[in-house]
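Trainee: One structure follows; several queries about it will come next.
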Amino acid sequence: NSMMRRDYNHPSVLIWSLGNESSAGEVFRAMYRHAHAIDPNRPVHYEGSVHMREFEDVTDIESRMYAHADEIERYLQDGSPVHTDGPKKPYISCEYMHAMGNSCGNMDEYTALERYPMYQGGFIWDFIDQAIEAKLPDGTTRICYGGDFGDRPSDYEFSGDGLLFADRTPSPKAQEVKQLYANVKIAVTQDGVRVTNDNLFVSTGAYAFVLRVLADGRPVWSATRRFDVPAGESALFDVDWPIDDYLGNAKELVLEVSQQLGEACDWAPAGYELAFGQCVVEGAKGTDATVGTASAASAADGAITFGRWNVGVRGQGREVLFSRAQGGMVSYTLGEREFVLRRPSITTFRPLTDNDRGAGHAFERAAWAVAGKYARCVGCEIAPRGENTVEATYTYELAIPQHTKVAVRYVADTDGRVELDVEYPGEKNGGLPTIPAFGIEWALPVEYSNLRFYGVGPEETYADRKHAKLGVWSTDAHRDRAPYLLPQETGNHEDVRWAEITDDSGHGLRVKHAVKPFAMSLLPYSSAMLEEALHQDELPKPRHMFLRLLAAQMGVGGDDSWMSPVHAQYQLPADQPLSLNVRLELF
């Protein structure tokens, strides 16, 4: 009664709630009736009654916390256990999509339920990390969480579940939420664009719709249109895309439509993007030079040297060294610049996310934590392939009881190019758990911290969280390390066509997909270092950069952070093959 009379005229109050996580009973029934007596215009919400259906009358809304999307859909189709002939009340998830650490995966399964009229969405838990900047005994400060203040018992970092970090800067998760929450949906085709306006009152006439064509990520055409769609309606607009003008010289075109503010408003300038839509048009097949087809100039300049322990391939100012003793590529240089501090190592794990810990992924997948890290080389074949090319194939046994063999194959020519293939055959025996990640990781000199890539971004993306824009993006290893309260998996980029890792002078390593796009990250810390730290300031001053190239990585999940696993379609079955196929080049 006190709350309602205090806040009755507050414009932000849309629904009265009777409380939170407190079961149900006659007191709630009395509160519900009192709320409607003094305010007949607003609905009343209470979640606890779903667990005590005899008190279903104390809420005007069917409400759940952290129900999975399929559970919600069953209600929207069939109704509640009390009313099985269809839903009688609108559904709202009063808490869902627990945004703890690296989370908010498979969120599109929830927003897709908007096709049901009785689905009214939900509230992400929550908005901002609840953490405090505190001074340490040595005079420095850091972001602290539960347990850092001598408080016991404690839930430790469990309050770090915001879309914003504690300092109010957006986390990478916000990229996904913004696109999926957009009130205007944009579907792009080769013939035009469909604009669906889910706003309740505002038409799209005042917005600018910027059309672009990207040829292999490079903008080659743009135009601005006005698409006026009334609130609640959808309309199809013809677009005369100049596809034929650019398709012949590109591997792919990206057709893009961006909804932007036509005029500045209180919270954003004119041109601020609200939503986007894209589609990809396949173009000409690639004409990149194939490794092993060295030019005449490089053949004259180059040399291949077979030694007892090492084999070197030199040409065009570049040199590659393969080691029989070390089991891989141990040097890749351009002049005096070295790009391999230690041979690339197989990785089959990732730094645990908060959701991984909560769902028991660590225990279930403990074998993969060491399978790649401690794999042993059991075979090495290095031989010439033609006059100017060397092929080096290393066979590794993963450190699991099955001793599954993984092949790491390099092909290097005297043009200085290297083709790298890492093949996991799939293990049919042993009932292994799904694989967290599969690929390679290696250390680069610390100065190679800049990253430019063609993939979905600009923020980190994952298999179940990549409603992001395909394009060419520039970042660096330090920005890509998201400062989650507890250091964990971060910085991954999905659907990468190529990436360039450079120093400040522009020299570096170019990685291109040879067969299909890959996933990758460039960070100032290795996976093992991130896994061990409990706070961001426990990570040391960077002394190397760590490049990780992956055939694939499992999703991050998001249903909750204490029980729900990553959905099956975003896991990597151990009995299925995985392959990473990339081309490396120094410049």
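The values are calculated or read from the model by the stated rules, or taken from the named source; none is laboratory data. Being a predicted model, the structure only gives us computed values, none of them experimental. As a convention, Cβ positions derive from the backbone with ideal geometry for all residues, glycine included, and neighbour counts pool all protein chains shown. To get the accessible areas, we keep the full protein, side chains included, count just its heavy atoms, and leave off ligands, DNA and RNA. Shrake-Rupley method; radii C 1.70, N 1.55, O 1.52, S 1.80 Å.
Trainee: Taking all protein chains as present, what is the carbon and sulfur share of the accessible area of the stretch 289-406, in % to the nearest whole number, probe 1.4 Å?
Mentor: That share works out to 51 percent.
Trainee: Still on this structure, I have one more. Hey, with R₀ at 41 Å, roughly what FRET efficiency would R33 and L164 work out to, going by the Cβ-Cβ distance, to 0.05?
Mentor: Given R0 = 41 Å and the Cβ-Cβ separation, E is 0.60.
Trainee: So what's the net charge close to Q553: Lys and Arg +1, Asp and Glu -1, counting the other residues with Cβ under 14 Å from its Cβ?
Mentor: Result for the local shell: -2.
Trainee: Could you name the lysines whose alpha carbon sits less than 23 Å from that of K405, not counting residues in the same chain fewer than 8 places away?
Mentor: Those lysines meeting the cut-off are K373, K428, K516.
Trainee: Give the shape of the stretch 229-380 as rounded, prolate or oblate, defined through the alpha-carbon gyration tensor: a ≥ b ≥ c are the square roots of its eigenvalues, a/c under 1.5 means rounded, and otherwise the shape is prolate if a/b is larger than b/c and oblate if not.
Mentor: oblate
Trainee: Okay, moving on. Report the full-extension gain for the segment L534 to T290: residue separation times 0.36 nm, less the Cα-Cα distance, to one decimal in nm.
Mentor: Length gained, L534 through T290: 83.3 nm.
Trainee: Keeping all protein chains in place and using 1.4 angstrom, which order do F363, F123 fall into by accessible surface area, from largest down?
Mentor: Reading off the accessible areas and sorting them downward yields F363, F123.
Trainee: Taking H as built 1.01 Å from N, whose amide H comes closer than 5 Å to the amide H of A250, not counting residues under 5 places away?
Mentor: A284
Trainee: Might you tell me the accessible area per residue for the stretch 234-343, computed with a 1.4 Å probe and given in Å²?
Mentor: About 54 Å² of surface per residue is accessible.
Trainee: At 0.36 nm per residue, and after removing the present C-alpha to C-alpha distance, how many nm does the segment from T305 to N41 gain when stretched out fully?
Mentor: 86.6 nm
Trainee: Debye calculation, C-alpha points only, no solvent: report log10 I(q)/I(0) for the stretch 1-143 at q = 0.13 Å⁻¹, in the same order as the q values.
Mentor: For the requested q values the scattering log ratios are -0.68.
Trainee: Something else: For the stretch 157-295, rounded, prolate or oblate, judged on the Cα gyration tensor with a ≥ b ≥ c (square roots of eigenvalues), a/c < 1.5 rounded, else prolate if a/b > b/c?
Mentor: oblate
Trainee: Right, something else. Rounded to the nearest 0.05, what FRET efficiency is calculated for M118 and S474 with R0 set to 41 Å and r the Cβ-Cβ distance?
Mentor: 0.40
Trainee: May I pose another question? Give the peptides 387-397, 468-478 in descending order of average Cβ contacts within 10 Å, highest first.
Mentor: 387-397, 468-478
Trainee: Now a separate question. Amide H of A514 versus every other amide H placed in the peptide plane: which residues, excluding those fewer than 5 positions away on the same chain, fall under 5 Å?
Mentor: The list, which skips near neighbours in sequence, is N581, V582, R583.
Trainee: Continuing with the same structure: What ³J(HN,Hα) values, in whole Hz, does the Karplus curve 6.51 cos²θ - 1.76 cosθ + 1.60 give for the stretch 68-83 when θ = phi - 60°, with x put for Gly and Pro?
Mentor: 5, 4, 5, 5, 5, 5, 4, 5, 5, 8, 10, x, 8, x, 7, 10
Trainee: For the stretch 545-553, what does the Karplus curve 6.51 cos²θ - 1.76 cosθ + 1.60, with θ = phi - 60°, yield as ³J(HN,Hα) per residue in whole Hz, taken in order and with x for Gly and Pro?
Mentor: My calculation for the stretch 545-553 gives 10, 10, 9, 10, 10, 10, 5, 5, 9 Hz in order.
Trainee: Can you compute the label reach from S12? Point 7 Å from Cα along the Cβ direction, backbone N cut-off under 19 Å, restricted to the stretch 87-108.
Mentor: 94-96, by backbone N distance to the label point.
Trainee: Here's a follow-up. Can you compute 3J(HN,Hα) from phi for each residue in the stretch 418-428, using the Karplus curve 6.51 cos²θ - 1.76 cosθ + 1.60 with θ = phi - 60°, rounded to whole Hz and x for Gly and Pro?
Mentor: Per residue, the Karplus-derived 3J(HN,Hα) values read 9, 9, 10, 10, 10, 10, 9, x, x, 10, 7 Hz.
Trainee: So, one more: With a Förster radius of 22 Å, plug the Cβ-Cβ distance of Q569 and V281 into 1/(1 + (r/R0)^6) and report the FRET value to the nearest 0.05.
Mentor: According to the calculation, E is roughly 0.25.
Trainee: Rounded, prolate or oblate, given the Cα gyration tensor of the chain, with a/c below 1.5 counting as rounded?
Mentor: prolate
Trainee: Among residues other than N355 whose Cβ falls under 14 Å from its Cβ, what is the net charge (Lys/Arg +1, Asp/Glu -1)?
Mentor: -4
Trainee: To the nearest 500 deg cm²/dmol, what mean residue ellipticity at 222 nm is calculated for the chain from DSSP H runs of n ≥ 4 alone, each contributing -39,500 (n - 2.57), summed and divided by the residues?
Mentor: Calculated from helices alone, the mean residue ellipticity at 222 nm is -3000 deg cm²/dmol.
Trainee: Separate question: Find, to one decimal place in angstroms, the Kirkwood hydrodynamic radius of the stretch 246-288, where the mean of 1/r is taken over every pair of different Cα atoms and then inverted.
Mentor: Result for the stretch 246-288, one decimal place: 12.5 Å.
Trainee: At a 1.4 Å probe radius, carbon and sulfur cover how many percent of the accessible area of the stretch 461-512?
Mentor: It is 45 percent, rounded to a whole number.
Trainee: Could you please report the charge total around E21, scoring K, R as +1 and D, E as -1 over all other residues with beta-carbon less than 10 angstrom from its beta-carbon?
Mentor: Net charge in that neighbourhood comes out at -2.
Trainee: Still on this structure, I have one more. Compute the acute angle (0 to 90°) between the alpha-carbon long axis of helix 26-38 and the principal axis of greatest extent of the alpha-carbon atoms of the chain; round to the nearest 10°.
Mentor: For helix 26-38, the angle is close to 70 degrees.
Trainee: Quick one: with all protein chains in place, what share of the accessible area of the stretch 1-61 is carbon or sulfur, to the nearest percent (1.4 Å probe)?
Mentor: After summing per-atom areas, the C and S share lands at 55 percent.
Trainee: What residues qualify as long-range amide H neighbours of L578, i.e. H under 5 Å apart, gap of 5 or more or another chain, H built at 1.01 Å from N?
Mentor: Sorted by chain and number, the residues that satisfy this are Y424, G426.
Trainee: Find how much the distance from S331 to D238 grows on full extension, using 0.36 nm per residue of separation minus their present alpha carbon separation; answer in nm with one decimal.
Mentor: 28.1 nm
Trainee: Treat every Asp and Glu Cβ in the chain as -1 and every Lys and Arg Cβ as +1, leave all other atoms uncharged, and give the resulting dipole magnitude about the Cα centre to the nearest 20 debye.
Mentor: Here the size comes out at about 1220 debye.
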